[in-house]
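Asks: Once you've had a glance at the structure underneath, I'll fire off some questions.
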There are 4 protein chains.
Amino acid sequence: MSHDLTTDCIDACNACADACDRCATACLQEPDPKPMTRCVALDIDCAALCRLAAGAIARDSELARRICGLCVLACEACGEECGRHEHDHCQACAAACRACAEACRQMVAV
Amino acid sequence: MSHDLTTDCIDACNACADACDRCATACLQEPDPKPMTRCVALDIDCAALCRLAAGAIARDSELARRICGLCVLACEACGEECGRHEHDHCQACAAACRACAEACRQMVAV
Amino acid sequence: MSHDLTTDCIDACNACADACDRCATACLQEPDPKPMTRCVALDIDCAALCRLAAGAIARDSELARRICGLCVLACEACGEECGRHEHDHCQACAAACRACAEACRQMVAV
Amino acid sequence: MSHDLTTDCIDACNACADACDRCATACLQEPDPKPMTRCVALDIDCAALCRLAAGAIARDSELARRICGLCVLACEACGEECGRHEHDHCQACAAACRACAEACRQMVAV
């Protein structure tokens with residue numbers, strides 16, 4: 001795979017994991033966390049999958065494209081849920097999820 | 001999902017991750033590690049995916065079944081590679097991979 | 001290190017990670033999750049550290065004892081916080097944290 | 001903690017994890033992997049700890065500084081081992097380890 005494509009995807013995965021982790025903590029600190037619980041759960045899942053995908057791509061794993069395919073689903077679910085909330089941390093996370101889903105889709109399509 | 005099924009799958013994932021991690025180190029310590037390099041790489045991938053799956057199941061994640069589906073592929077690839085080598089650590093890892101793949105298949109089928 | 005000691009510690013780490021992951025989700029599903037937010041945050045930290053420790057021990061990593069030392073701190077913090085809440089999932093998590101802290105302490109003392 | 005400091009440390013952790021993961025695979029693909037086995041083992045440890053640290057910092061975990069303290073040790077051990085080998089991937093990994101150790105030291109000192 002081209003160096004640029006893999007580097008871009010690793011960067012997008014790392015950025016998305018960080019945004020998800022920040023969003024999870026910020027959601028828990030909202031005055032009323034009750035409406036944010038699915039957001040927290042998906043943030044945790046998505047961060048874990050993004051970090052797994054970044055590592056698999058960097059190791060040039062033979063499973064990297066499959067992991068990226070699953071990462072797309074996690075980013076889509078998390079980005080959709082975050083996009084429903086107006087908090088800055090949710091909007092930032094939704095944007096990172098969309099960018100990561102797109103980068104992973106390109107890895108899958110190679 | 002039934003308690004028994006999820007508990008069994010978590011146990012199988014943890015056991016497989018541990019067997020993969022042990023196998024990776026043992027492969028690296030073989031007198032000639034050259035023939036074991038694909039085994040090491042798949043051990044690392046499979047351990048990471050099994051630990052991710054165990055966590056997702058325990059969190060009752062909405063992505064758990066998808067993650068189990070990917071874990072099946074990792075276990076099949078790792079188990080097949082390990083099964084080709086006569087070392088005890090490889091044979092133990094292959095058995096753990098087959099058991100984990102079967103437990104994950106049952107999660108996916110629910 | 002003795003086989004029994006390492007196997008016991010891996011098992012305690014896996015059991016603690018699973019209890020933390022279950023507790024995190026159950027806390028988020030409480031009618032009022034607000035008092036549970038520190039519990040959720042520590043559950044996430046402790047699960048991640050326990051899974052890291054289990055892997056490091058299984059790989060016979062030269063950093064395993066150091067990681068177990070940090071795992072003790074995570075288990076103590078998480079177990080103390082969980083122990084303050086009467087929910088079954090918190091009490092189960094607190095017990096798993098205490099057992100894991102003890103097993104990790106024995107690894108550190110070897 | 002200041003935004004710049006935490007962001008810099010997350011970036012250094014992610015960059016180090018990626019360098020370690022790349023180095024692990026490249027070491028396994030060397031014509032003679034035998035002299036690289038400690039490097040591979042430390043790459044796996046260091047990548048896992050860096051990813052854990054990045055997540056803990058992003059979640060503003062109360063354990064983040066402790067985790068960074070352990071990450072310093074992993075980066076020092078991995079960077080020292082990689083620094084002994086002339087392969088480009090080892091030298092790149094050693095540089096990333098030194099930068100990450102320094103960023104984590106600053107987190108610990110806050």
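A short reminder: the numbers here are calculations on the coordinates, not readings from a lab. Predicted, not measured: the structure shown is a model, and the values here were computed from it. Positions of Cβ are backbone-derived with ideal geometry, glycine not excepted, and every protein chain shown enters the neighbour counts.
Asks: At a threshold of 8 angstrom on Cα-Cα distance, excluding pairs fewer than six apart, so keeping six or more, what relative contact order does chain A reach in percent?
Replies: 34 percent
Asks: Evaluate peptide A:9-21: per residue, the Cβ atoms of other protein chains within 10 Å of its Cβ; return the mean as an integer.
Replies: Partner Cβ neighbours, averaged per residue: 4.
Asks: Relative to the first principal axis of the alpha-carbon coordinates of chain D, what is the inclination of helix D:64-83, with its axis defined by its Cα atoms, in degrees from 0 to 90 and to the nearest 10?
Replies: Helix D:64-83 sits roughly 20 degrees off the main axis of chain D.
Asks: On each of the three principal axes of the Cα atoms of region A:1-54, give max minus min coordinate, whole Å, ordered largest first.
Replies: 45, 13, 11
Asks: Rounded to the nearest 0.05, what FRET efficiency do A:Asp32 and A:Gln91 have when you use their Cβ-Cβ distance and R0 = 22 Å?
Replies: Calculated transfer efficiency: 0.75.
Asks: Right, another one. Treating the beta-carbon of each Lys and Arg as +1 and of each Asp and Glu as -1, no other charges, what is the dipole magnitude of the protein assembly as shown about its Cα centre, to the nearest 20 debye? Before the final figure, lay out the partial values.
Replies: Working: 40 positive and 68 negative charges, 0 e Å.
It works out to roughly 0 debye.
Asks: Using helices alone, I'd like the mean residue ellipticity at 222 nm for the protein assembly as shown: each DSSP H run of four-plus residues gives -39500 (n - 2.57), total over residue count, nearest 500. Show your work: numbers first, answer last.
Replies: Working: 16 runs with 360 residues, N = 440.
Taken over the protein assembly as shown, the calculation gives -28500 deg cm²/dmol.
Asks: Report the dimensions of region D:64-110 along its three principal axes from the alpha-carbon atoms, largest first, rounded to Å.
Replies: 35, 13, 11
Asks: Apply the Kirkwood formula to chain C: the hydrodynamic radius equals the inverse of the mean of 1/r over all pairs of different alpha-carbon atoms; give it in Å with one decimal.
Replies: Working: mean 1/r = 0.0743 Å⁻¹.
The answer is 13.5 Å.
Asks: For peptide A:31-37, what's the mean number of Cβ atoms from other chains within 10 Å of each residue's Cβ?
Replies: 4
Asks: For the protein assembly as shown, what is the per residue volume of the convex hull drawn over the alpha-carbon atoms, in cubic angstrom?
Replies: Values: hull volume 57.2 nm³, N = 440.
Enclosed volume per residue, from the Cα hull, is 130 Å³.
Asks: Evaluate peptide A:86-98: per residue, the Cβ atoms of other protein chains within 10 Å of its Cβ; return the mean as an integer.
Replies: 0
Asks: Roughly how tilted is helix B:88-109, in degrees to the nearest 10 and between 0 and 90, from the longest Cα axis of chain B?
Replies: Around 20 degrees separate the two axes.
Asks: Highest GNM mean-square fluctuation, chain C, Cα pairs closer than 10 Å: which of C:Cys39, C:Cys68, C:Cys27?
Replies: So, out of C:Cys39, C:Cys68, C:Cys27, the one fluctuating most is C:Cys27.
Asks: What's the angle, to the nearest 10 degrees (0 to 90), between helix B:37-58's Cα axis and the longest principal axis of chain B?
Replies: Rounded to the nearest ten degrees, it is 20.
Asks: Let's test the formula: R0 of 51 Å, r as the Cβ-Cβ distance of B:Val108 and D:Glu102. What FRET efficiency results, to the nearest 0.05?
Replies: Here the calculated transfer efficiency is 0.70.
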